[in-house]
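The values are calculated or read from the model by the stated rules, or taken from the named source; none is laboratory data. What you see is a predicted model; the values in this text were computed from it and never measured. A quick note on method: Cβ atoms are made from the backbone with ideal geometry, for glycine too, and the neighbour counts reach across all protein chains shown.
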Amino acid sequence: MGIAVTRPEALTFVNYLINRNVGDQRWGQTDDEVLEYIRRANEEVWYRALDYAPNRIQASDFFTYTGNSQNFQLTGASGFNSEYHKILGVYHTASAAVPSASNPVNGELYAVPFQHLQDIQEGGGGIESGRYYWAVMGDYFFVRPIPAANLYVFITYHPLAPNINAGATPNTNELLADPSAPTAGRMVRHHVYVCAVAAQMALVKIREESTYLDKMIGRLAGQFENDMVRPRDHQHPYLGASHFQAASRG
């Protein structure tokens, strides 16, 4: 299963892996520099996970697209308020809440290129009656045809990789963990992989090679890939309530 690795534990282990190869006298980089390698490695493995298993790490939220509005601002005090890597699915529900038995999904909104929105609004572009289409331009989310009444939107997305060095108490941060994602902490068995990648980044920086570390990363990368591509990782985004996590939005 693996054991969760926190930021200070990752720092200790990465320094150990580096010193195993070059020794204390030849290394000479500060903890802040090593922590930056850990941050970058954490991001790299996070986005690899998204590529291998798109449904493994998801977050979700909902908002109200006001009737007769041209667009909705995705971020801000009264908006979606979540930075994201990629939008996965957009649906409309009976009310402004997470989908459930009492708040069923009424339908899906379909993604189109932004330049097609005007054709859709005018009834062209080969659209199907009764369907809504969406596009994003910058910080704004557009729905066409423009709904006459409030449209309650539920959205699933890939969150940005968490910054291991951020927050008021960064030493409590764990690798590959994001509180906004419902699968946060489920990849603890791959925390050592992140540390090994960070150590390799550091060695490349000082032009050192490590057969030991290369073999270690090869083994851990194989375990990571095998775990990410299991059949259970290819579920539809809204199969099961456990795939949803949303905060109240107006």
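A few points about this structure:
- Long-range neighbours under 7 Å by Cβ, at least six apart or interchain, first residue assigned to a helix (DSSP H, G or I) within the stretch 107-124, second among the aliphatic types (A, V, I, L, M): Phe114/Ala135; Phe114/Met137; Leu117/Ala135; Ile120/Val112; Ile120/Ile127; Gln121/Ile146
A quick yes/no check of all residues on (1) surrounded by fewer than 13 Cβ atoms within 10 Å (Cβ to Cβ); (2) in a strand (DSSP E or B); (3) in contact with a helix residue (DSSP H, G or I) (Cβ under 7 Å, 6 or more places away or on another chain):
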residue: Asn163; (1), (2), (3): no, no, yes
residue: Ala168; (1), (2), (3): yes, no, no
residue: Asn171; (1), (2), (3): yes, no, yes
residue: His191; (1), (2), (3): no, no, no
residue: Leu203; (1), (2), (3): no, no, yes
residue: Gly218; (1), (2), (3): yes, no, no
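- Scanning the stretch 106-123 for residues that are within 16 Å of Gly89 (Cα to Cα) and of a type in the set (Gly, Ala, Ser), we see that the one that is nearest to the chain's Cα centre (by Cα) is Ala111.
- Identity of the residue in the stretch 190-204, more than 14 Å from Leu176 (Cβ to Cβ) and touching a residue at least 12 places away in the same chain (Cβ under 8 Å), that ends up farthest from the chain's Cα centre (by Cα): Leu203
- Only one entry of Tyr47, Tyr16, Tyr65 meets the criterion of being of a type in the set (Phe, Trp, Tyr) and buried (at least 20 other Cβ atoms within 10 Å of the Cβ), and that entry is Tyr65.
- Sole residue being under 22 Å from Arg39 (Cβ atoms) and either modelled with pLDDT of 90 or more or among the acidic types (Asp, Glu) (or both), chosen from Asp139, Asp178: Asp178
- Out of Gly89, Gly67, one residue alone is outside any loop (DSSP other than H, G, I, E, B) and at pLDDT 90 or above. It is Gly89.
- Within the stretch 141-171, the set of residues being in contact with a strand residue (DSSP E or B) (Cβ under 6 Å, 6 or more places away or on another chain) and either of a type outside the set (Val, Ile, Thr) or without any contact (Cβ under 8 Å) to a residue 12 or more places away in the chain (or both) comprises Phe141, Phe142, Arg144, Asn150, Leu151, Tyr152, Phe154, Tyr157, His158, Pro159, Leu160.
- Checked against the criterion of being in contact with a helix residue (DSSP H, G or I) (Cβ under 7 Å, 6 or more places away or on another chain), in a loop (DSSP other than H, G, I, E, B) and surrounded by fewer than 16 Cβ atoms within 10 Å (Cβ to Cβ), the candidates Ile57, Ile3 yield just one match: Ile3.
- Residue selected from the stretch 70-86 under the condition loosely packed, with under 14 Cβ neighbours inside 10 Å and of a type in the set (Gly, Ala, Ser), by the criterion modelled with the lowest pLDDT: Ala77
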